[in-house]
Every structure is written in structure tokens, then in C-alpha cells.
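A.B. asks: Next up is a structure, given as C-alpha cells.
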Amino acid sequence: MNYRIPILILAFIGTGLILISAGKEDGLGAFASTPLKWEIPKGFPKPPTNIFAKNKLTEEGFQLGRKLFYEGKLSKDGETSCGSCHQQFAAFSTFDHDLSHGVNNSFSTRNAPALFNLAWMREYHWDGGINHIEVQPLSPMLAANEMGETLDSVLFKLKKDTAYRRMFKAAFGDPAITSQRMLKALAQFTGSLVSANSKYDKVKRGEASFNAPEEKGYALYKANCAACHMEPLFTDYSYRNNGLALNRFTDIGRQQISGLAGDSLKFKVPSLRNVQLSYPYMHDGRIFSLPQVLDHYRLKINRDQPTLDPILQKPIVLSDREKNELLYFLYTLTDTSFTKNPRFAAPAPITIKH
Amino acid sequence: MNKAKLLLLTVILSGLIALLLPSFSVPAASARLRVHFVHTAAGKPLLQDSLYLNPFNETYSVSKLKYYVSNWHPGNKGSCFLINAFSDPVISLDIPPGQYESISFLLGVDSVHNSSGAQTGALDPLNDMFWTWNTGYVMFKLEGVSAASKSDLNRIEQHTGGYRSPFATMRQVNIVFPAGEKMEAGKTYDLNIEMNLDKYWKGANEIRIAEHPVITKPGNLAVMVADNFPGMFSFKSFLSH
């Protein structure tokens, strides 16, 4: 069979296309990938996997991800962005809401978790149902009670927007807008949300020191909390039942994912970093203040549940004074350089639903 | 550089590429195998939205039938295709030349591709075969209607998936060539594989529509369905050109 003539034609067209794109005649600017260095903060462990190994971190990819994170077009009503429920000033949790507001005045059934240090997480969501940072955004985007969209529709809207075609080209080399590229760009932004500059971190680096109550609180933390909320990430990312009653949504947590009865009522241990800002607490936001959280662990654990974590079988004993010292320590985990970092802020004002 | 020069350069480059390409572009070292999945139910060709009787005498029709076939052997490790029974039942493989007694594939998506982040092509979540709340691909999707179904609108909605032990649902399928088949380099062959839906309902396990009209998550039920997968596929015919 003679392949030469069709190949000649194809090669001619192909070479022409290459030359045209090199000549920037699509009016969408150039491919400008500026590598970004992602550093492990001092004292932090190496992440379990390198989330950027197959998703090269660049300034252009990060900025595209940032724009997408705050983009209302990812939702059915055009104004419910990721940033609507993950607010920077609340360490990317939903400020003061137990449950979040989705499209059509709907409610989610879980509390929006704070977003930071996601590169160290193996699985995402309270039940760990998501196995990779790149595919997480599909869940809220497509859920009827969150952003309520379809993937086709989101891509259709992005493709119509010249600004996106320009940014996809800058980040990926050509203006094609695909689900994979959108998700990889989002992962470049969310994976870059690193919080490692609280007073606690400064003390560890020798740049500051705890006052007396904070120091006592740190000792109390180590004695009572550190088994699950392990330093320096302040979580071990395990799934545990911490003695909360089954909620009105009959949310059984991890069991829903694993299918194993032994995982009933287990939820992922959240980080204590920025805990002062990420209230309300627990998977359904049922506890509105930190003192009440500590009272739960002191007094209210339901010990009849067969899957209750063995560590919590033994009562946690704290005096009121110790409770306050512990609180002072927890406040040292607040990282305002993270919550006020302009690189993580919305590039333009967005709607936040209250 | 002006346009005339660009054009000239393009022509020269094209010529050079055309001279070089033939040695790379013709898969001279491979045989081309077109695999056709021929879907049947109750001994008849499966047509969309037509009525059939399953082995339990339940009437049903199928509106959607999609499944993944991946990791073809020989010579196609890592390959992945999405079969749509009503629009896209044919795939094309490059096979190393040789004498073969069988060909095999994985019904479903392997665990690596279930846990490697955002994918493209057959695995693009746009194909509507991806669970967003419990990451993983639907390996096999059958939707339709049956009078035997007690679910809303008498629907059948069976999405079989799950890649984690002990609820993994991908299954190895082996297609035996009764007389052995020789495939030569540069030639094209057609393999017809029958996919018999009767064996989907009644194989290693019995899946009655009345009992299980809806399956939408990994677990024991999905594993029961998956155990029927290998028995559904069989050799139908092989043609060389």
C-alpha cells in the first residue's frame, strides 16, 4: 500500500499548523510555562506522593487554577464557585455555617472542610471517598445540592470564554479546554495552599516563643490530642469514630465508601491547624465553638458505639483551667499569613452566599 | 519571514517529513485486529429499547449498555476502550504477528487508572462512567426498563464498579480461538466476540431484575454481577482479509 501521498498531504498541513501556531496567529498569546517551585516547609514530612509529578506546577497553571477556583461558571446558577464555600479568611472552610448553601437554595449534608496542606492528604472528603486531588472538584461540581452542573455544560461555558482559551494555552501549550486540563489546573491551585507559618511554626523554627498558658496548653495537647492530631500536620489522616451520635442524615461516614461495617461512623481526623477559624466543627458542623468541642471530648462521648475509637474509651480529664490553656495553644495554630496571602485570594470579587 | 518564504519552508519540510515517515508510520511489524462486539439477548441481536426475556422470564429492554475493555493481550498492555453497544461496538488493536490460541482483556479499568487523577480519552469523566463521590470508574453500565422492576418508573439502573479489595469488579476475560489463528504483519483481521446478555442475568450468580433493579455502588452485589462477566463473552468468528 502506498502511504506517501496521504502522508505528504498530512505533513504539509501539520507543518503549516506548527508554523501558524509559532506565529501566534490565533490571537491567544503564547505558551508561557514558568516553572514554580513547590517546597516542603521546614519540619514537615515528605508528602506520601508527589501530586505534581504528572502535573507540572507552573505559574500559568496555578493562575488558571486560581481563576477556576473562584469561577461561578463551574456551577448551574453561575455564582456558586469553589470559593463560595471555601473562604480564604476561614482557612478555606465555610465561615460560620454548619452546612453550605448550594444552588437552588439547597443545603449540603456535611461541613465544608478547610483547605490547606492537601498535598499530604492521601484521600479527600470527610469519608475519604476521593482518591486523588485532581478528581475532587468533580464531586461538588456535579452534586445537585452543591454546584449542580454537568461537566459538558461547564466545558461549554469555559470554551466560549476567550480569557480561558488564552489561559489554557499559556498553561498547556494550546487553547484546547478539556476536563483533564481543568482538573489539573485546579489541583495546581489547591495543592499550592500550604499553611505552615503559624505562631506554633515560628516557635518550632526558633523565631518566637510560647507564653506560659500556651506552653501549658502545648503539653496538654501532647498528652490528650496528639495521638490523632499528630504534629506537624496536626492530623494523621486516619478515619475514626469520635463518639458523636448518628446525625439526621444517617451519615455513616467511611462505611459508605469502604462498605465495611467496622467503618461505621468513622470520619477523617481533621487538622487542628487554623482551627480557630474553621468553625463550626465536626463533619456536620454540629458544634459551633472550640470550648464546646473540648467539652465533647471531656464529657459527651457516646461510649456505647461499637466502632468508637479505642483511644477515646478512656476519659479525657481536663480542668476548666486546663481547657483554657489548651485553647490558648490551639490559637497558636492560626496562620494569618496564609489566610491573607494575596496569591490565594479571588482575582476578582466573587459572590459568597449567606 | 514573509509568507512566501514560510510557504516554501513548509513545502520543503513537508517533503522531508514525507520521505522519513513511511518507515515509521506503517505498522509493518504489527497485524491490525478489529474486534467487534456482537451483543445478543435471548438468541437474538440486541437492539436498543426492544423487548427481551431473560432466563427468569422477566421482560426487559435496554436503553444504555456501556463497558470498558482494557489491557488487551497480546501486545496491548495499558490499552483502554469504552464499548457502547448501540453506537461504538468496534475497537482496533495492533497485534504482534504470531500464531494465537486465544486473546484476553480485562473487563473494566485496572486499579492504577482508577486512582491516578484526571484522565483523558476513554477515561475522560465526560463519558459518564465515573463516580464522583467515591472515586472510581463504572466498569459496566446497563440501563433499561422492566415490568419486573419495582423501582421508580420500572427502571433498571445497574452500574457495576469498585476497584478496591474486597469489592473489586474488574474481571479477566479470555476468548479462545477454536482452531487457533495466525496473524501476519501488515494484514487486517476481524474478530467477532459475542456478548450474551442472558449470561449477565444468569451465570456464576443469578441477578433477577425483580430483586436487584438498581445497583449504584461498590459492594457485594456489584461483585456478584462482576462474577458473571467472564462467561458473557465468547468467540463468534474470525476473518482475514
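A short reminder: the numbers here are calculations on the coordinates, not readings from a lab. A quick note: this is a predicted structure, and the numbers were derived from the prediction, not measured. Backbone-built Cβ (ideal geometry, glycine too); neighbour counts: all protein chains shown.
A.B. asks: Each residue of the stretch B:146-158 in turn: what ³J(HN,Hα) in whole Hz from Karplus with 6.51, -1.76, 1.60 and θ = phi - 60°, glycine and Pro shown as x?
C.D. replies: Along the stretch B:146-158, the couplings run 8, 4, 6, 7, 8, 7, 3, 6, 6, 7, 10, 9, 10 Hz.
A.B. asks: May I pose another question? Give me, ordered by chain and number, the residues 5 or more places off residue A:100 or on other chains with an amide H under 5 Å from its own placed amide H.
C.D. replies: Amide H neighbours of residue A:100, under 5 Å, 5+ apart: A:108, A:110, A:112.
A.B. asks: While we're here: Taking H placed 1.01 Å from N in the peptide plane, check which residues at least 5 places from residue B:138 or on another chain put their amide H under 5 Å from its amide H.
C.D. replies: Here B:130, B:131 satisfy the definition.
A.B. asks: A further question on this structure: In degrees between 0 and 90, to the nearest 10, how far off the longest principal axis of chain A does helix A:320-331 point, with axes built from Cα atoms?
C.D. replies: 20
A.B. asks: Here is a further query. Across the stretch B:117-133, in residue order, what do the Karplus-derived ³J(HN,Hα) couplings come to in whole Hz, using 6.51 cos²θ - 1.76 cosθ + 1.60 with θ = phi - 60° and x for Gly and Pro?
C.D. replies: Working through the residues one at a time gives x, 5, 10, 9, x, 4, 9, 4, x, 4, 6, 6, 10, 10, 8, 8, 9 Hz.
A.B. asks: Hey, another quick one. Can you list, largest first and rounded to whole Å, the semi-axes you get for chain B by taking the square root of 5 times each eigenvalue of its Cα gyration tensor? Mind showing how you got there, number by number?
C.D. replies: On the way: eigenvalues 298, 103, 58 Å².
Computed over chain B, the values are 39, 23, 17 Å.
A.B. asks: Mind checking the stretch A:93-169 for trypsin sites (Lys or Arg not before Pro) that DSSP puts in a loop (not H, G, I, E or B) and that have at most 11 other Cβ atoms within 10 Å? It would help to have the intermediate numbers written out before the result.
C.D. replies: On the way: sites: A:110, A:122, A:157, A:159, A:160, A:165, A:166, A:169; in loops: A:110, A:122, A:160.
Passing sites in the stretch A:93-169 are A:160.
A.B. asks: While we're looking at this one, here's another question. Could you state the number of Å between the C-alpha centres of the stretch B:46-76 and the stretch A:328-348?
C.D. replies: 53
A.B. asks: To continue, here is another question. Checking the cross-link filter: which aspartates and glutamates have an alpha carbon closer than 17 Å to that of residue A:323, excluding same-chain neighbours under 8 positions apart?
C.D. replies: A:214, A:215, A:295
A.B. asks: Residue B:184 to residue B:77: extension gain in nm, 0.36 nm per residue of separation minus the Cα-Cα distance? All intermediate terms of the calculation are to be shown ahead of the outcome.
C.D. replies: Numbers: separation 107, 0.36 × 107 = 38.52 nm, distance 1.98 nm.
Taking 0.36 nm per residue and subtracting the Cα distance, the gain is 36.5 nm.
A.B. asks: Take every residue in peptide B:115-127, count the Cβ atoms of other chains within 10 Å of its Cβ, and give the average of those counts. It would help to have the intermediate numbers written out before the result.
C.D. replies: Details: counts 4, 5, 14, 19, 6, 4, 2, 0, 1, 4, 8, 8, 2.
Average neighbour count from other chains, rounded to a whole number: 6.
A.B. asks: What whole-number distance in Å separates the alpha-carbon centres of the stretch B:136-170 and the stretch B:182-241?
C.D. replies: The stretch B:136-170 and the stretch B:182-241 have Cα centres spaced 14 Å from each other.
A.B. asks: What's the average, rounded to a whole number, of partner chain beta-carbon atoms within 10 Å of each residue's beta-carbon in A:35-45? Spell out each step's value before the answer.
C.D. replies: On the way: counts 0, 0, 0, 0, 0, 0, 0, 0, 0, 0, 0.
Going residue by residue through A:35-45 and averaging, the value is 0.
A.B. asks: Continuing with this model, one more query. Dipole of chain B, Cα-centred, from +1 at each Lys and Arg C-beta and -1 at each Asp and Glu C-beta, to the nearest 20 debye? Mind dumping the intermediate values first?
C.D. replies: Details: 20 positive and 19 negative charges, 97 e Å.
In total the dipole reaches around 460 debye.
A.B. asks: Quick one: which residues, 5+ away or cross-chain, put their amide H under 5 Å from the amide H of residue B:214? H built at 1.01 Å from N.
C.D. replies: Amide H neighbours of residue B:214: B:157.
A.B. asks: Could you work out [θ]222 nm for chain A from helices alone, using -39500 (n - 2.57) per DSSP H run of at least four and dividing by all its residues? Round to the nearest 500 deg cm²/dmol. Before the final figure, lay out the partial values.
C.D. replies: On the way: 13 runs with 117 residues, N = 354.
Counting only the DSSP helices, I get -9500 deg cm²/dmol.
A.B. asks: Right, next: Going toward the positive end of the dipole of the stretch B:21-240, with +1 on Lys and Arg Cβ and -1 on Asp and Glu Cβ, which of B:125, B:226, B:37 do you reach last?
C.D. replies: Working it through, the farthest residue towards the positive pole turns out to be B:226.
A.B. asks: Let me ask another. May I ask you to evaluate 6.51 cos²θ - 1.76 cosθ + 1.60, the Karplus curve with θ = phi - 60°, for each residue of the stretch A:240-246 and list the ³J(HN,Hα) values in order in whole Hz, giving x for glycine and proline?
C.D. replies: Here the 3J(HN,Hα) series is 9, 8, 9, x, 8, 5, 4 Hz.
A.B. asks: Report D for the stretch A:28-195 in µm² per second (integer): Stokes-Einstein, Kirkwood Rh on Cα pairs, 4 °C, 1.567 mPa s.
C.D. replies: 79
A.B. asks: Right, here's the next one. Just need the relative contact order of the stretch B:21-240 here, percent rounded to a whole number, with Cα pairs under 8 Å and 6+ apart. Mind showing how you got there, number by number?
C.D. replies: On the way: 522 pairs, mean separation 57.1, N = 220.
Normalised by residue count, the contact order of the stretch B:21-240 is 26 percent.
A.B. asks: Please report, in Å, the Rg and the Dmax of chain A, where both are computed over Cα atoms only.
C.D. replies: Answer for chain A, Rg first and Dmax second: 23.3, 88 Å.
A.B. asks: To continue, here is another question. Is the shape of the protein assembly as shown best called rounded, prolate or oblate, per the rule: a/c under 1.5 gives rounded, else a/b larger than b/c gives prolate, else oblate, with a ≥ b ≥ c the square roots of the Cα gyration tensor eigenvalues? Don't skip to the answer; put the middle values down first.
C.D. replies: Numbers: a/c = 2.30, a/b = 1.38, b/c = 1.67.
Taking the square roots of the gyration eigenvalues as a ≥ b ≥ c, the protein assembly as shown is oblate.
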